[in-house]
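First up is the structure itself, then whatever we jot down about it.
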Amino acid sequence: MKRSTFGSKFGMLAAAVGSAVGLGNIWKFPYLAGENGGGAFIIVYLLCVLFLGVPALLSELSLGYIGRSNGIGALRNITGNNRWGIIGILGFLGSFIILGFYFVVAGWSLEFVYQSVMGEFVGQSGEVITQNFDTFRFDTWRPYLWIVAFIVLTAGVLYAGVEKGIEKWSKVLMPMLFAIVVYLCVYSIFLPNSSAGYKFYFDFDFSKITADVIIAALGQAFFSLSLGMGAMMIYGSYIEKGTNLAKTSIQIASLDTLVAILAGLVVFPAVFSYGIDPAAGPQLVFITLPTVFAQMTGGYFFSLFFFLLVAVAALTSTISILEVQIATVAEEFKMNRKLSLVLMSVVMLVVCSMCSYSLIPIEEGNELTLFGKSMFDICDILTSYIILPLGGLLIMLFLGWFYKKEDLHYILVVETKCSEGLFKIYYFFLRFIAPLLLLVVFLQQLGVF
Ligand code: PHE
């Protein structure tokens, strides 16, 4: 059977940018920037994207493009044996861990769209909003209902396949997402005292850069660019032969970074406008912001569009992660694609329900904890700080040190028209700089330094 491909360049780009732009940009990036010193974090983040993210992204797209299969199959097709399949297996396992918490948060975004429509934030105090969020999260059925809804939405798109599902929906959802984010940015400018927010966001105080800030930025770059778990590899395997992969990688990284920065430009003016702490952590978007919306003139529409933005961004990302699972199972076990889709959706429902349940405080009977952390937090931490950077490192080690340079040169320069100079720079980063940086960070985390 002929393998599916994306039908157009725009569609391919929309799908890949859709994978990259997600909760990472709109939920995580603002709160990480808020916790890690605003402008200082942004500078380090940009450097991570440029020096590590772009080479890793180009490597991953290339592997998929060359191997024409899921992570496990692509490496088998390229090497003729199963040894490097470990990269695919790691990514496949990683996808369960990411989706485990991702669907939970994506589900919250639907609840918040619903609450916005019902006008539930209007005029409420911070205490009431905090309490409502906890009541919702620890409810016996509500969070699970939204998880089911989000899985059904994701699976519904994937059911129609690569071109008629992933590509078609990305082409609609991504322009919509850009429109909403730009609208909200412009709206933010006119909030009272918004300038304090910009000042915080663009305050490049280099003394704030610590090892923790660097590690947070690096993990975030991998997470935000969907690297290290085979999502970009599977999309690379659907890219039409001859497409310029280097240019595509730069476009994806630029658009993804743009949306993250714009998300900060939506969040911080609002936060500062109402004198709220920017370092609120993961609850920044789900508790702090509704408190702001509650007091803001026009807050009803602002909150509605904001949570719609979160939901749309999350959807195009869950599509890419679930696709990794579906394609891997279908191709590796020669299973019918639709059967694989149903199977993986059910498995994810169980995993996500456990993650959601694990958020209930220990005193109230939650058993799903390890080292005092909930399963939800463990999934989140494992993903950004271990699985994704490790997957990225292995991919780059393979391409840089085990794959023939002439072959890579042929694919990138001759077949897909990357310039000679760019290839040289990329290859240098691929072989030396990127793996070295990653190794240093791993050793640092293990406490060697
Ligand atoms: N990039 C997505 C985001 O920022 C998350 C993601 C990670 C998607 C890894 C696919 C693979 O939300």
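The residues in the stretch 72-86 that are open to solvent by 10 Å² or more (accessible area, probe 1.4 Å) and either within 16 Å of GLU60 (Cβ to Cβ) or polar (S, T, N, Q) (or both) can be counted, and the count is 8.
Listed by position, the helices (runs of 4 or more DSSP H) inside the stretch 81-197 whose residues that are within 16 Å of the ligand (Cβ to nearest atom) and in contact with a Cys (Cβ under 9 Å, 6 or more places away or on another chain) number at least 3 are 86-117.
Scanning the stretch 59-74 for residues that are more than 16 Å from the ligand (Cβ to nearest atom) and within 18 Å of LYS405 (Cβ to Cβ) yields SER62, TYR65, ILE66, GLY67. No other residue among LEU46, LEU50, LEU32, LEU23 is open to solvent by 10 Å² or more (accessible area, probe 1.4 Å), farther than 15 Å from GLY236 by Cβ and within 12 Å of the ligand (Cβ to nearest atom) apart from LEU32. Among the residues of this structure, ALA40 counts as one that is more than 16 Å from the ligand (Cβ to nearest atom), open to solvent by less than 10 Å² (accessible area, probe 1.4 Å) and of a type in the set (A, V, I, L, M). Scanning the stretch 213-246 for residues that are away from the ligand (no atom under 16 Å from the Cβ) and either of a type in the set (Ser, Thr, Tyr) or at pLDDT 95 or above (or both) yields ILE239, GLU240, LYS241, GLY242, THR243, ASN244, LEU245, ALA246. Does the stretch 365-382 contain at least one residue that is assigned to a helix (DSSP H, G or I), within 16 Å of the ligand (Cβ to nearest atom), of a type outside the set (Phe, Trp, Tyr) and open to solvent by less than 10 Å² (accessible area, probe 1.4 Å)? Scanning the stretch 365-382, I find no residue that is assigned to a helix (DSSP H, G or I), within 16 Å of the ligand (Cβ to nearest atom), of a type outside the set (Phe, Trp, Tyr) and open to solvent by less than 10 Å² (accessible area, probe 1.4 Å), so the answer is no. Scanning the stretch 164-210 for residues that are under 25 Å from the mean Cα position of the chain (by Cα), open to solvent by less than 80 Å² (accessible area, probe 1.4 Å), aromatic (Phe, Trp, Tyr) and under 20 Å from PHE305 (Cβ atoms) returns a single hit, PHE178.
The values are calculated or read from the model by the stated rules, or taken from the named source; none is laboratory data. From a predicted model like this one, the values you see are computed outputs, not experimental measurements. For neighbour counting, all protein chains shown are included, and Cβ atoms are generated from backbone atoms with ideal geometry for every residue, glycine included. Heavy atoms of the whole protein, side chains included, go into the accessibility calculation; ligands, DNA and RNA do not. Shrake-Rupley method; radii C 1.70, N 1.55, O 1.52, S 1.80 Å.
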